[in-house]
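Undergrad: Before I ask anything, here is the structure I am working with.
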Amino acid sequence: MPSTSATAILLQTLGDSAATWLDARPWGVAYSGGQDSAVLLWALSRIAGAGRLQALHVDHGWRSTEERERESQIVQAWCQTLGVNLWQFPPPSAARATEQAARIHRYRCFREFLSLHPQSPVFLAHHADDQAETILMRILKGRSWQGLGGISMHRGPFIRPMLGLPQSLLAEVAREQAIPFHEDSTNADDGPTRNFLRLRVFPLLRERFPRVRESLGDLALAWKQLAPSSLPDPAWRFFRDGAECSASTWDQWGPLVRQAQLLAVAARVRESPSLSRRFLETVSTEGRTSAAGNGWRWRRVGRVVRWEAIAASGVLEYFVKATPGVVYDLGSYRFSWTADTPPGSPSSVLRVPSVDPALPWVWRSPVSGMSLSSTEGPWDRKARHRRLGALEPDRCALVIQNDQVIAVVDPSAGRIRWFDSRREKLNNTGIFVTLVTRSDYER
């Protein structure tokens, strides 16, 4: 069909973004079967030719077999019509209906394509509405400063050429060019956070603030200009596993600059370092002399600040019938306890509520498949996940008394994940635990 104004805008925008990739072959195109990715696939076939494209369709395994088959039929038919080669990735062996699990599986499939075509790009169909939803979601969830820039238009091999275009324009192109697509039934579920914002929050915001999408997009652009540099400062002196700078330079930086510099150094030393927001904020706090976690250690040594990767400590499975005053070495950390507040640094002492110090109790690691219960009764899968999260022995210790879980402790962060509030109200008891995180360098 002839180009209309919406189609012309789309083709011009994609043509400008794709120009730098004309020497690469093939191009991967993430194609879910939905409207946005179907429009992207059609437009790129017009710009670069269908023979250059490889459509990447991922089955997340969430929905009914009937719906997934209908979607697959539409995907196959549209690729055949365009003359585009189709890759179809099966669902994971244990499909979980969460946004994070779906994203992990999706990008794992994209990486499989890239492993065979390391110089190729993968085009994604994110648009301006997705950008606005992402920024608002990160603000409301209290995400770190890193997320305020929103979705990146270009990150490594992943390209999002439609990020500046509204979804309404893509819908108009789909109508004008008679592009077939499948409407995912889960899009109507307002349970997931992004769907809740899209279906319930943004319609209300647009009534009062018609330019809410543009305003959030402008915020992202402004933040990208104001955000701390992602490159290491020249003040750092690098060595094999990290870097050091003068303490006076560190003290001059604000908390956000410190976090950005820690990330920049870590990225130089290790590929794709995994550093949590909580840990970065802890390290960047005024007055600290040392902190360790996420496989990294920060120390103030005299007039120097050192930031280095540390070897992972062995994590032991443990079952300790805890005796007051005895220090237990559990590999990645040590702990001891008393019934009264012990002397020492408050940062290393944690009050564990609900525990009766007069009765025997156990400090133990979680084991996959073990049955757990508290005064509220046996824990089902949802209760286990809410209280334990991922079963990581170095991030999760169980305090057990009379065969019931009294509290769940995160030894690395030195915090209580969960405790039996009902027992606390009845007995008002507790113990004081001293936790000392250790690395292999300190063992």
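Every number in this text was worked out from the coordinates using simple rules, so none of it is lab data. No experiment lies behind these values; they were computed from the predicted model shown. Positions of Cβ are backbone-derived with ideal geometry, glycine not excepted, and every protein chain shown enters the neighbour counts.
Undergrad: If you rank 65, 98, 282, 193 by fewest surrounding Cβ atoms within 10 Å, what's the result?
TA: With the sparsest Cβ surroundings first, the list reads 65, 98, 193, 282.
Undergrad: Now, a different point. What list of whole percents do you get for P(r) of segment 1-96, with Cα-Cα distances grouped in 10 Å bins up to the one holding the largest distance?
TA: It works out to 15, 43, 29, 12, 1, in whole percents.
Undergrad: For residue 428 and residue 153, calculate 0.36 nm times their separation in residues minus their Cα-Cα distance, and state this gained length in nm to one decimal.
TA: Numbers: separation 275, 0.36 × 275 = 99.00 nm, distance 5.34 nm.
Taking residue 428 through residue 153 to full extension adds about 93.7 nm, to one decimal.
Undergrad: Another question, if that's okay. Search the structure for amide H atoms under 5 Å from the amide H of residue 159, placed 1.01 Å from N in the peptide plane, and list their residues when 5 or more places away or on another chain.
TA: 122, 123, 124
Undergrad: Pop a pseudo-label 7 angstrom from the Cα along the beta-carbon direction at both residue 214 and residue 281 and give the gap in nm to one decimal.
TA: 3.4
Undergrad: Order 168-181, 257-270, 201-214 from most to least packed using the mean count of other Cβ atoms within 10 Å.
TA: Put in order of decreasing packing, that is 257-270, 168-181, 201-214.
Undergrad: Given that compact globular proteins tend to follow 2.2 N^0.38 Å, what is the ratio of the alpha-carbon Rg of the chain to that value?
TA: 1.18
Undergrad: Residue 249 versus residue 112, label points 7 Å from Cα toward the beta carbon: distance in nm?
TA: That separation, rounded to one decimal, is 4.5 nm.
Undergrad: Roughly how big is the chain's charge dipole about its Cα centre, with Cβ charges of +1 (Lys, Arg) and -1 (Asp, Glu), in debye to the nearest 20?
TA: 920
Undergrad: Once R0 is set to 60 Å, what does the formula 1/(1 + (r/R0)^6) return for the Cβ-Cβ distance between residue 317 and residue 5, expressed as a FRET efficiency to the nearest 0.05? Each step should come with its number before you reach the end.
TA: Values: r = 65 Å, r/R0 = 1.08.
FRET efficiency, residue 317 to residue 5: 0.40.
Undergrad: Here is a follow-up. With a sphere of radius 12 Å drawn around the Cβ of residue 132, what net charge do the other residues whose Cβ falls strictly inside it have (Lys, Arg +1; Asp, Glu -1)? Spell out each step's value before the answer.
TA: On the way: positive: 138, 194, 198, 206, 211, 213; negative: 129, 130, 133, 214, 218.
Taking every Cβ under 12 Å from that of residue 132, the sum is +1.
Undergrad: Can I ask one more? Within a 10 angstrom radius of the beta carbon, how do 78, 253 rank from fewest other beta carbons to most?
TA: On the way: 78 21, 253 17.
So the residues, fewest neighbours to most, are 253, 78.
Undergrad: With the radius of gyration and the Kirkwood radius both derived from the Cα set of segment 237-309, what is their ratio Rg to Rh? Walk me through the numbers before you get to the answer.
TA: Working: Rg = 10.9 Å, Rh = 12.0 Å.
Taking Rh as the inverse mean 1/r over Cα pairs, Rg/Rh reads 0.91.
Undergrad: Let me ask something additional. Given only helices, namely DSSP H runs of n ≥ 4 each adding -39500 (n - 2.57), what is the per-residue ellipticity at 222 nm of the chain, to the nearest 500 deg cm²/dmol?
TA: Here the helix-only value at 222 nm equals -11000 deg cm²/dmol.
Undergrad: Could you list 239, 419 so that the one with the fewest beta carbons within 10 Å of its beta carbon is first and the one with the most is last?
TA: In increasing order of surrounding Cβ atoms, one gets 239, 419.
Undergrad: Separation of segment 114-140 and segment 15-65 by C-alpha centroid, Å?
TA: 13
Undergrad: Using the Cα atoms as the points, what is the convex hull volume per residue of segment 5-226 in Å³?
TA: So the per-residue Cα hull volume is 134 Å³.
Undergrad: Turning to a different aspect of this structure: Hey, with R₀ at 60 Å, roughly what FRET efficiency would residue 306 and residue 16 work out to, going by the Cβ-Cβ distance, to 0.05?
TA: 0.85
Undergrad: Which whole-Hz couplings ³J(HN,Hα) result when phi for each residue of segment 370-386 is put into the Karplus expression 6.51 cos²θ - 1.76 cosθ + 1.60, θ = phi - 60°, listed in order with x for Gly and Pro?
TA: Here the 3J(HN,Hα) series is 5, 7, 10, 8, 9, 5, 7, x, x, 8, 7, 4, 5, 5, 4, 5, 5 Hz.
Undergrad: Which listed residue (416, 51, 324) has the Cα farthest towards the positive end of the charge dipole for the chain, taking +1 on Lys and Arg C-beta and -1 on Asp and Glu C-beta about the Cα centre?
TA: Farthest towards the positive pole: 324.
Undergrad: On a full-extension model of 0.36 nm per residue, what is the gain between residue 384 and residue 200, subtracting their alpha-carbon distance, rounded to one decimal in nm?
TA: Length gained, residue 384 through residue 200: 63.2 nm.
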